Amino acid sequence: MQSALRAFVAQPSRENYLAARDELLAASSRSLEAAELDSLSLLADAGDVKGLTEALAQLPPIAALVPRVHYYATLAAEARGDEEDLELERMLRVICLRAILMTGDGSEESPYVVSATSDELDLLDELDLVADSTSLVHRGDGTFDVVRCEDGTIVWFDASAMVQIPAEMPVISPARKPRSLKPA
């Protein structure tokens, strides 16, 4: 386990969460993809405990801060009858949700800082809000998901860790057609 993650679990706080997040993002060669979470859901629904446990082990390090991952780990532990792991995963899920709440207040000025898209939905659920629409907003060096909820509440999430905007977009000259990818 990473040192910042260990400190976060021992003493959950905004600062410890953000330090663990930075450390785990640096250790992750890729972000946690929504398709991976969908796969976990399918394995859990199918009752494939072995497959679920193996899939959880293959996730990038940043997954350690994603409440939804701990939910699926809870299901796997429960199916294995592992009471100790079950309680640990339940605790980690709650700690991660509370830590995300500590990162801001969901306003434009102080958005919640998330590590995966599922964090947004889990946090909205925790706040008894239902998403109606989502917009992606680029501002300065940051990328934000702006969620309008059914009751009119607007919640901002700092999604910068999940969305990378290239410094320069390639430009194709209108006079030049792109080369065909078909073999000659």
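The values are calculated or read from the model by the stated rules, or taken from the named source; none is laboratory data. Worth saying up front: this structure is predicted, and the values here are computed from it rather than measured. Cβ: placed from backbone, ideal geometry, glycine included. Neighbour counts: every protein chain shown. Side chains included, ligands, DNA and RNA excluded: accessible areas come from the protein's heavy atoms. Shrake-Rupley method; radii C 1.70, N 1.55, O 1.52, S 1.80 Å.
Quick notes on this one:
- Filter pass, ALA64 being touching a His at 6+ places or on another chain (Cβ under 9 Å) and either farther than 13 Å from CYS96 by Cβ or in contact (Cβ under 8 Å) with a residue 24 or more places away in the chain (or both): yes
- For beta carbons closer than 7 Å, sequence separation of 6+ or different chains, a first residue in region 42-54 that is touching a residue at least 12 places away in the same chain (Cβ under 8 Å) and a second that is assigned to a helix (DSSP H, G or I) and surrounded by fewer than 16 Cβ atoms within 10 Å (Cβ to Cβ), the qualifying pairs are VAL49/ARG80.
- Under the condition of being modelled with pLDDT of 90 or more, surrounded by 14 or more Cβ atoms within 10 Å (Cβ to Cβ) and not hydrophobic (A, V, I, L, M, F, W, C), the residues counted in region 31-47 number 3.
- Filter result (under 20 Å from ILE100 (Cα atoms) and open to solvent by 70 Å² or more (accessible area, probe 1.4 Å)) within region 142-153: ARG148
- Of the criteria (1) within 18 Å of the chain's Cα centre (by Cα); (2) within 30 Å of ILE154 (Cα to Cα), which one SER107 fails: (1)
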